[in-house]
Structure formats: C-alpha cells, structure tokens
Amino acid sequence: MRTLETFMIDQAIDTLLAYAIHRGLIDAADEIYMRNRLLALLGLTAYAGGQAAPDMDTPLHVVLDTLVDSAAARGIIESSASARERFGAAIMGTLTPWPTAVQQRFLAEYAHSPRQATDWFYRFCHDTNYISAYRTSLDRRWQTATEYGALDITINLSKPEKDPRDIAAARQAPASGYPACLLCAENEGYEGHAGHPGRQNHRILPVTICGEAWGFQYSPYVYYNEHCIVLNRRHIPMVIDEQAFAKLFSFVERFPHYFLGSNADLPIVGGSILSHEHFQGGNHAFPMALASIETPVAFKSYADVEAGIVKWPMAVLRLKHADANRLVRLGARILEAWRGYTDASAGIFAFTDETPHNTITPIARRRDGQYELDLVLRNNKTSAEHPLGIFHPHAELHHIKKENIGLIEVMGLAVLPARLLQEMEALKRALLCGGDLYADALTAKHAPWAQGFLPKYTSIAPDSIDAILQREIGLVFATVLEHAGVFKRDAAGQAAFLRFVQAVG
Ligand SMILES: [Zn+2]
C-alpha cells in the first residue's frame, strides 16, 4: 500500500539522485546502485518512485529534511539536532566521490590555474552540502564605517547550536580520542557521534607545505568568502616561529590568490584550537589588508624591505618584498625581539616568572607582484582589573564580545555570537516603545551601552533602528580591537611602538 509518506520519501530520493547527477557528484549510470545504497541507509527495502519527475526546484535542505524526518520518525536515528545533522552528512556522504577521485579532479583543475582549482573545490564543497548554502544564508553580515575603514561584522548562524540532549549524550560517551580533534585528517569520512560532527561528505586535499604533508579544506562555517583551513596531517600543537612564516608563504606561492594567516600560539590571544597546527586563509579582502601603512619604518640590514606601522586599532607591522625569504627572516628577527620585549611604561611584560606573554598573529599574502607579511603583536597577560586579559576586550564590552580575538577578528571581521540576534530584537522593541531596559535580562546587559549612544540620534524610529544598532555594534568592535592592541593609538602608544621598532634594530 503506497502511503503519502512513502510517496514523499521516494520522490525525495529521486530528487536527490537527480541533483547529484546534475551536480556531477555521481554518474547517471550508477543511479540504481546509488538508490539502493540510499534505501539501505534509510532502512527501506521497497521503492515505488520514478513515476513523477524529480522536483528540481525544491532546495537541497528541504529534500534532506524530508529524508531525515522520515528516518527519525521510524526510529532509524535519534531525533536530536546532532543525530539529524550526522544523518544528513551520511546521506550526502553516500553521494560524495571518494577522496582519490576528488584529488585527481583538483589536480586536473590546478593544471589550468590555482584559481580554477579552488573555484571547483569550493563549489564541490557546497554541492556535497559539506558547506550548507542554506545555513550560510541565515548569517547576518554588514559593514560599519570607522576611522580604520569599513569593518566587517557577522553574526554567524552556520555553526549549529548545541542541543541539550547531545550535550548529555556526549558527556555519557567514553572519550575515544579518535579523531583527536576537529582538525585531524581522520575526520575525512568520519561518521561522528553525539559530541563530534559527521564528516562523511568531507574531503581534504593533500598539499605539501615546506616539504611536509599537509591538508587543505574549507571551513564548513564560512566566516568569509572561500574560508579555507590548511592543516598539518599530524596532530601537533600550534607554534609561531620562523618556520611558521615560511609555511605561510609556501602555501601562498602555490595559491597566490589566497592569503594565509595563523592564530597566535598562546591562550587568550590564540584561536580556539591550539592543539593542532593549522592556518586559515581564503579569498577575501579583509579590512586590515585594505588599511595602509601610516608610519614607515626601517630595519637594519633590511633596507630593501619596505616596512611600516599599519593604520589599525591593533599593533601591526607590515613588511613587503619581492622575495618571500627576506620577509621570513626579518619576521623571525622581529618575533625574537618581541618574545623578550618588556616596556613597563606601556604595560607590556614579556614574562611572569617563566610564563611567556608575547607572541604574534602573522598573515601572509601576495599583492601587486610582491609578498607581504603582516605581524600583529600580541600579549596575553592578565591582571586583577582585567582577569580575561589586559589586551583583550574589557568587561564593559563583553555584552557584545567576550571571546578570544583570534586571526579573523584581528583582520577586522567580527564573528559575533548568535545570542545577539535575539537580544537586539528585545533591545529594539524596548527602545521603540521607551520601555525600561533594566526590566528584562535580555536588554539589561546592553542598557549602559544603549543609553550611551542614544543621545547621538535625534530620533529612534522603526525604519532607522536596525541601521543604528548595526552601526553601534560595529563601533563597539572597533573598540574591542583597540583593547586588544598592545600599543595604543595615542601619542604615547605610538612612541612606545617606535621604541620597539628601534629595539629590533
Ligand atoms: Zn587534531
């Protein structure tokens, strides 16, 4: 007996197969075989489709939802968010070519040009739903004009929220240590579990970095265009040293249309994963890259290297040269000087006892026929007044941004927590009706900030409030970056910066 439900499942399977053939994920000649594999995954032994034409107008996430709903309703999978997510990856993983086939295609495209290769692979990662176009379409993005140029702001909704059932299940499951982390090569094709995403539709391309085996992949959360991750095949910790600079350029030489940067190697000023050596890059003109050199400087024995302090809220030295090796060597010298640098008058201390505080967030790129290395000076010392970090957003900004200022933010793209959307909606309602901001927990923490900016605006109206809130969030982000800057933007701070440049020699 054919029910409406089996009709819908059969049609979803047909639509998915037509999609996979259309996108070149599978060959039309393999259709029957692929249908049977999908039926097995879905716990079905019967199929009566093929009568109606596949509905190619239905978005992929809707087709997948039909299949995932059906599996959950029939008890094939749990109904938690993570189980549904993993099953979606398993369905798409069935239709994703094997790693070797992906690698061969990438090499063939690379023979035409590096850009053609990355264009193809980025498209492929969307086609397999490893990057969900639907999820990224939910992200909020805007720009805010500041004295440092237009800053990029995003409230990222691509990263799935944690379901309490998954948190509980993950707590009960014994830690297997496999894969050791989210960046390990062992994630390729991994089924996942309650505490680890499914990666059956994930593919990693091999790249050689300074003679070592590394991997190249995109971030499934796409914080910016073509957000890629370059990762060591081995699970070893992040280290910023001369070799790290060489590795960045090793990749940029191979992919000259991509920048590549690294998080710093110390807590607070580093990224969220310090245990696995990796870099992040992509094809996006970040605000910091667009900022120009404000104060040219020179380094002894490196008169041929164009250098200067960038007009940016954080302390950034930019080096330019046609030979990347010159930048690697000068970068290493600056890093060595910075690691040991103390300037009490600027509040910079290199060590507390044996614990180091100074490090660098480096970014490498190719521009106008030259190589560039941006060195962002970082310090992770804490104090009684600033327990989360002296050069970290201070407490009065935590209602907008409390998390680490990592590579992406350093370059001028704020990745703000999803909770802000709901809080800004509540704040909007309260501001428009003149309600008491302190009466509601969602708005109370934003109240001092809102009361601070309200006098700047003659009227708060339904058609202007969104733009006002976006602008003010952007301005807070500029202050966040100023707090993270080790040399401040005032005359005393800039004099201290030049003293450090002198100290490098
Ligand atoms: Zn790892």
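Here are the numbers for this structure:
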item: Search result, residues across the range 66-86 that are touching a helix residue (DSSP H, G or I) at 6+ places or on another chain (Cβ under 8 Å) and not aliphatic (A, V, I, L, M); result: Thr66, Ser70, Glu78, Ser79, Ser80, Ser82, Arg84
item: Criterion (within 16 Å of the ligand (Cβ to nearest atom) and loosely packed, with under 15 Cβ neighbours inside 10 Å) met by exactly one of Ala150, Ala175; result: Ala175
item: Pro164 within 13 Å of the ligand (Cβ to nearest atom) and not small (Gly, Ala, Ser); result: no
item: Complete set of residues in the range 125-147 that are under 16 Å from Ile229 (Cα atoms) and either in contact with a Cys (Cβ under 9 Å, 6 or more places away or on another chain) or in a helix (DSSP H, G or I) (or both); result: Cys125, His126, Ile131
item: Hits in the range 200-235 (condition: within 13 Å of the ligand (Cβ to nearest atom) and under 20 Å from the mean Cα position of the chain (by Cα)); result: Ile204, Trp214, Gly215, Gln217, Ile229, Leu231, Asn232, Arg233, His235
item: Pairs, first over 20 Å from Gly282 (Cα atoms) and of a type in the set (D, E, K, R) in the range 227-248, second outside any loop (DSSP other than H, G, I, E, B) and within 10 Å of the ligand (Cβ to nearest atom), C-beta under 9 Å, six or more apart; result: Arg234/Ala185
item: Per-region count, the range 360-419, residues among the hydroxyl-bearing types (Ser, Thr, Tyr) and free of Cβ contacts under 8 Å to residues at least 12 places away in the same chain; result: 1
item: Filtered residue count, the range 298-307, keeping only those that are buried (at least 16 other Cβ atoms within 10 Å of the Cβ) and of a type outside the set (D, E, K, R); result: 4
item: One residue from Ile131, Ile155 being surrounded by 15 or more Cβ atoms within 10 Å (Cβ to Cβ), touching a residue at least 12 places away in the same chain (Cβ under 8 Å) and closer than 26 Å to His257 by Cβ; result: Ile131
item: Residue in the range 281-297 that is assigned to a loop (DSSP other than H, G, I, E, B), without any contact (Cβ under 8 Å) to a residue 60 or more places away in the chain and either within 16 Å of the ligand (Cβ to nearest atom) or surrounded by 21 or more Cβ atoms within 10 Å (Cβ to Cβ) (or both) present; result: no
item: Filter result (touching a residue at least 40 places away in the same chain (Cβ under 8 Å) and acidic (Asp, Glu)) within the range 325-359; result: Asp343
item: Residue within the range 213-233 that is small (Gly, Ala, Ser), part of a strand (DSSP E or B) and crowded, with 19+ Cβ neighbours inside 10 Å present; result: yes
item: Residue that is modelled with the lowest pLDDT [pool: residues in the range 1-31 that are part of a loop (DSSP other than H, G, I, E, B) and exposed (fewer than 15 other Cβ atoms within 10 Å of the Cβ)]; result: Met1
item: Test: residue in the range 392-404 that is of a type in the set (S, T, N, Q) and either in contact with an Asp or Glu (Cβ under 6 Å, 6 or more places away or on another chain) or not in a loop (DSSP other than H, G, I, E, B) (or both); result: no
item: Any hit, the range 177-193, residues being out of contact with any Ser or Thr (no Cβ under 9 Å at 6 or more places or on another chain), assigned to a helix (DSSP H, G or I) and not polar (S, T, N, Q); result: yes
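Here is a yes/no grid of residues against (1) in a helix (DSSP H, G or I); (2) at pLDDT 95 or above:
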{"residue": "Leu421", "(1), (2)": "yes, no"}
{"residue": "Lys428", "(1), (2)": "yes, yes"}
{"residue": "Gly435", "(1), (2)": "no, no"}
{"residue": "Leu442", "(1), (2)": "yes, no"}
{"residue": "Trp449", "(1), (2)": "yes, yes"}
{"residue": "Ile460", "(1), (2)": "no, no"}
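The values are calculated or read from the model by the stated rules, or taken from the named source; none is laboratory data. Keep in mind that what you see is a predicted model, and the values were worked out from it rather than measured. Reconstructed Cβ throughout: ideal geometry from the backbone, glycine too, with neighbour counts over all protein chains shown.
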